[in-house]
Amino acid sequence: MNNFTFYSPTFFAFGKDTEHDAGCYVKRFGGTRVLIHYGGGSVIRSGLLDRVKASLDREGIPYVLLGGVKPNPRSGLVYEGIELCKKEGVDFILAVGGGSTIDSAKAIAAGVVYEGDFWDFYCGKRIEKALPIGTILTIAAAGSEGSPDTVITNENGMFKRGATGDAVRPKFSILNPALTQTLSPYQTACGITDIIAHLYERYLTNTPEVEVTDRLIEALLLTMVHEGPRVIADPNNYEARANIMWAGMMAHNNSCGVGRSQDWTSHDVEHELSALYDCAHGAGLAVTLPAMFTYVMEHDVMRFAQVAVRVWGCQMDFAHPEVTAKAGIEALKKFLVSIGMPVSFSQLGAKEEDIPKLVDVLCNGNGRPGYIEGFTKLNEADCTRIYQLMV
């Protein structure tokens, strides 16, 4: 296990009706003038936005509104939010929505207190300072409610890139599983897939002797395998949604990733799909993961065989561990199909003729050196083959 530091100070309020206390938490963490940041009409139609505003009103906290966050959040709205916060003297940002809204809020929070272009943080500069952020989560997926990470698409070139820094870990996050009961089965399945991807990206490590975090990851994967079909069958199953919501947070606040190298090349590969086709991130991951794992499996066959046995119930073939590893990848793929996810280019709406463009932006765009690197190093030829495996 590698040396590590771990700091995860987010205050979580979990359970039914917890959104009514948003104003109390904003006041507790020092907010005096708030930007309420949200996405489309669902938070309005459901009455959630009105409940949040009423909570702030009860505490005497003024606020301004900025809606319009899209899946795969865009740089244009971030710039708009930065200017609005400066103009209105905002000192706290409250994100009401899913990972896209929270990621956009984090970008705004970092940009308001930074003299340069916020995109610098998405080119490798670590976020050291930001306005405080609170979240009210409406979909269990990205884990941004507990993480130091944010992903934004730059509309100038359509580069989808990530940034990180403990400064953008939310001060508090309100997690009411009931708020996710209005999601469609497809949206729910996309969230489940994203959570699974966050777990696999940490599981694929080159660090030896990390049994504690291996077991934590396996337990959360088993939870998704158990609860996923339950919530697809019954969208109103509060307990299943509660387990998925907390698993989503644990999958990405990095408690499962400390002391070990991590991958994230699957996310890099997928980001080009959702940037070009504007598909749901989880759907893109469902297509990416089996292809990626099939291609990189030989780098450490026993790691794939281990998860196949411990999570997917495959029988270990010690003479031919690659057989076990492949069986585990196939079991993952079948699970994704069972919850309604696409697993091929055609199902996603992607085009084979776009592969050279995808590879070029992936490996060379936004200053990249011609390859991506994580569990293993992947050059343009490698990435081309991975995309071809998705067709």
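The values are calculated or read from the model by the stated rules, or taken from the named source; none is laboratory data. It should be emphasised that the depicted structure is a prediction, and the values quoted were computed from it without experimental measurement. Reconstructed Cβ throughout: ideal geometry from the backbone, glycine too, with neighbour counts over all protein chains shown. Note: areas computed on protein heavy atoms with side chains; ligands, DNA, RNA excluded. Shrake-Rupley method; radii C 1.70, N 1.55, O 1.52, S 1.80 Å.
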| For the stretch 1-40, how many residues are closer than 19 Å to N176 by Cβ and surrounded by fewer than 14 Cβ atoms within 10 Å (Cβ to Cβ)? | 4
| field | the stretch 322-345, subset closer than 23 Å to V212 by Cα and of a type outside the set (A, V, I, L, M), residue nearest to the chain's Cα centre (by Cα) | value | G328
| Here are T265, T294: which of them is over 18 Å from S144 (Cβ atoms), open to solvent by less than 40 Å² (accessible area, probe 1.4 Å), touching a residue at least 12 places away in the same chain (Cβ under 8 Å) and polar (S, T, N, Q)? | T265
| task | Go through the stretch 11-37 and give me each residue that's over 23 Å from A240 (Cα atoms), assigned to a loop (DSSP other than H, G, I, E, B) and either acidic (D, E) or touching a residue at least 60 places away in the same chain (Cβ under 8 Å) (or both). | result | F29, G30, G31, T32
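Could you list all residues from the stretch 157-208 that are among the aliphatic types (A, V, I, L, M) and farther than 26 Å from Y122 by Cα?
I174, L175, A178, L179, L183, A189 - these are the residues of the stretch 157-208 that are among the aliphatic types (A, V, I, L, M) and farther than 26 Å from Y122 by Cα.
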| query | Within the stretch 108-147, can you find the residues that are open to solvent by 10 Å² or more (accessible area, probe 1.4 Å), within 18 Å of the chain's Cα centre (by Cα) and small (G, A, S)? | reply | A140, A141, A142
| field | Candidate set: the stretch 297-343, residues that are β-branched (V, I, T) and in contact with a helix residue (DSSP H, G or I) (Cβ under 8 Å, 6 or more places away or on another chain); chosen: the one most open to solvent (accessible area, probe 1.4 Å) | value | V309
| Which condition does K53 not pass, out of (1) assigned to a loop (DSSP other than H, G, I, E, B); (2) open to solvent by less than 60 Å² (accessible area, probe 1.4 Å); (3) not acidic (D, E), if it passes all the others? | (1)
| remark: If we ask which residues in the stretch 218-256 are under 13 Å from T180 (Cβ atoms), among the charged types (D, E, K, R) and open to solvent by less than 20 Å² (accessible area, probe 1.4 Å), their number turns out to be 2
| note | Exactly one of G40, G60 is modelled with pLDDT under 95 and part of a loop (DSSP other than H, G, I, E, B), and that one is G40
| task | State all residues of the stretch 270-284 that are more than 14 Å from the chain's Cα centre (by Cα) and either in a helix (DSSP H, G or I) or without any contact (Cβ under 8 Å) to a residue 24 or more places away in the chain (or both); if no residue qualifies, say none. | result | E272, L273, A275, L276, Y277
| task | Inspect all residues belonging to the stretch 323-344 and state whether any of them is assigned to a loop (DSSP other than H, G, I, E, B) and over 16 Å from E270 (Cα atoms). | result | yes
| query | If a residue has to be of a type in the set (S, T, N, Q) and buried (at least 16 other Cβ atoms within 10 Å of the Cβ) to count, how many in the stretch 182-216 make the cut? | reply | 5
